[in-house]
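S.K.: Here it is, the structure in full.
Only the coordinates and a few stated rules stand behind these numbers; no lab work does. A quick note: this is a predicted structure, and the numbers were derived from the prediction, not measured. A quick note on method: Cβ atoms are made from the backbone with ideal geometry, for glycine too, and the neighbour counts reach across all protein chains shown.
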Amino acid sequence: MNGAHDLGGMHGLGPINPEPEREEPTFHAEWEKRALGLTLTAGWLGQWNIDISRFARERQHPVEYLSNSYYENWLTGLETLLVEHGVVSPEELKQAKAIDPTPEELTAKCAPASAVQGILSSGGPCDMATDDRQEFQIGDKIKVLQLNPTGHTRVPRYIRGHEGIITDYYGSFIFPDENAQGNKIGQHLYNVSFDGNQLWGDGNDTTIHVDLWQNYMELA
């Protein structure tokens, strides 16, 4: 969706002033650790996937999204998912305590503390085979489709309608746009380079690399 989360190339938001990477703490407050832990733990319940989780954050009201910090957006998205999937009720969320017993099928999926490190270190594979034909080869000139999806997508607005060059092919992976709707399918994934002058105007002599799924592009 064209929401407040997709800010690449937008004007009027002030200069970017990031903290130096070597000085930036992993967390800026103790509660952020809990927000991350709660999000990962709730994900193990199997009621949603990573792209559904991302879309829950993205579909906030733009003012709320931009007013929140990074982990405030994570926490807001988690609260949305917990209620929408019936894990907690709105009243339980409001009171910050359980009112009804947790269904056994959910408690059975809770991982013991001793298993957490192993689960996190194993990661979550996202490669997936597809029967679709590989349409592009390294060196091909492509054009990004002018898409305006209402759901989750991984194609940023600032490259839509622009031409680029295929620089790498990774194989086939879960297509996030469909995964966010609960449909798990594989799609070819590429790295594409774009000329900064084409994206931002003359005087931007940079090269931008973006990972793009096949469904986002056509041959130029």
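S.K.: If packing is taken as the average count of other Cβ atoms within 10 Å, what order do 68-76, 203-211 fall into, highest mean first?
M.R.: 68-76, 203-211
S.K.: Rounding to the nearest 10 and keeping the result within 0 to 90°, find how far the Cα-based axis of helix 70-84 lies from the longest principal axis of the chain.
M.R.: In the chain, helix 70-84 runs at an angle near 60 degrees to the longest axis.
S.K.: On to the next question. Return the label of the correct value of P(r) over Cα pairs in 10 Å bins from 0, in percent, as calculated from the structure shown, out of (i) 8, 30, 34, 20, 7, 1, 0; (ii) 8, 36, 37, 15, 4, 0; (iii) 7, 24, 33, 25, 9, 2, 0.
M.R.: Recomputing P(r) over Cα pairs in 10 Å bins from 0, in percent here gives the entry labelled (iii).
S.K.: What distance in nm separates the two pseudo spin-label positions at ARG133 and ASN183, each 7 Å out from Cα along the beta-carbon direction?
M.R.: Label-label distance for ARG133 and ASN183, simple model: 2.1 nm.
S.K.: Give me the distance in nm between label points sitting 7 Å out from Cα along the Cα-to-Cβ direction at ASP6 and TRP200, one decimal.
M.R.: Simple spin-label model gives 2.0 nm for this pair.
S.K.: Work out the FRET efficiency for ILE16 and SER114 from their Cβ-Cβ distance, taking R0 = 45 Å, and round it to the nearest 0.05.
M.R.: Values: r = 42 Å, r/R0 = 0.93.
Between ILE16 and SER114 the formula returns 0.60.
S.K.: Okay, next question. In what sequence do ARG57, ARG157, ARG22, ARG34 fall when counting other Cβ within 10 Å, fewest first? Don't skip to the end; give the middle numbers.
M.R.: On the way: ARG57 23, ARG157 17, ARG22 5, ARG34 13.
With the fewest neighbours first, ARG57, ARG157, ARG22, ARG34 line up as ARG22, ARG34, ARG157, ARG57.
S.K.: Name the shape class, rounded, prolate or oblate, that the alpha-carbon gyration tensor gives for region 30-122, where a ≥ b ≥ c are the square roots of its eigenvalues, rounded holds for a/c under 1.5, and otherwise prolate holds if a/b is larger than b/c and oblate otherwise. Working shown, then result.
M.R.: Details: a/c = 1.75, a/b = 1.25, b/c = 1.40.
Oblate, because a/c is 1.5 or more while a/b does not exceed b/c.
S.K.: Taking the simple approach of a point 7 Å from Cα along Cα-to-Cβ for both HIS209 and HIS61, what is their distance in nm?
M.R.: Those two pseudo-labels are separated by 4.1 nm.
S.K.: Given a Förster distance of 35 angstrom, what is the FRET efficiency for CYS126 paired with GLU30, based on the Cβ-Cβ distance and rounded to 0.05? Please list the in-between numbers first.
M.R.: Working: r = 31 Å, r/R0 = 0.88.
Calculated value: 0.70.
S.K.: Right, next: Would you calculate a helix-derived [θ] at 222 nm for the chain, using -39,500 (n - 2.57) for each DSSP H run of n ≥ 4 and dividing by the full residue count, to the nearest 500?
M.R.: It comes out at -8500 deg cm²/dmol, rounded to the nearest 500.
S.K.: For region 141-219, what is the convex hull volume of the alpha-carbon atoms per residue, in Å³? Intermediate values should be presented prior to the final figure.
M.R.: Values: hull volume 6.1 nm³, N = 79.
It comes to 77 Å³ per residue, whole-number rounded.
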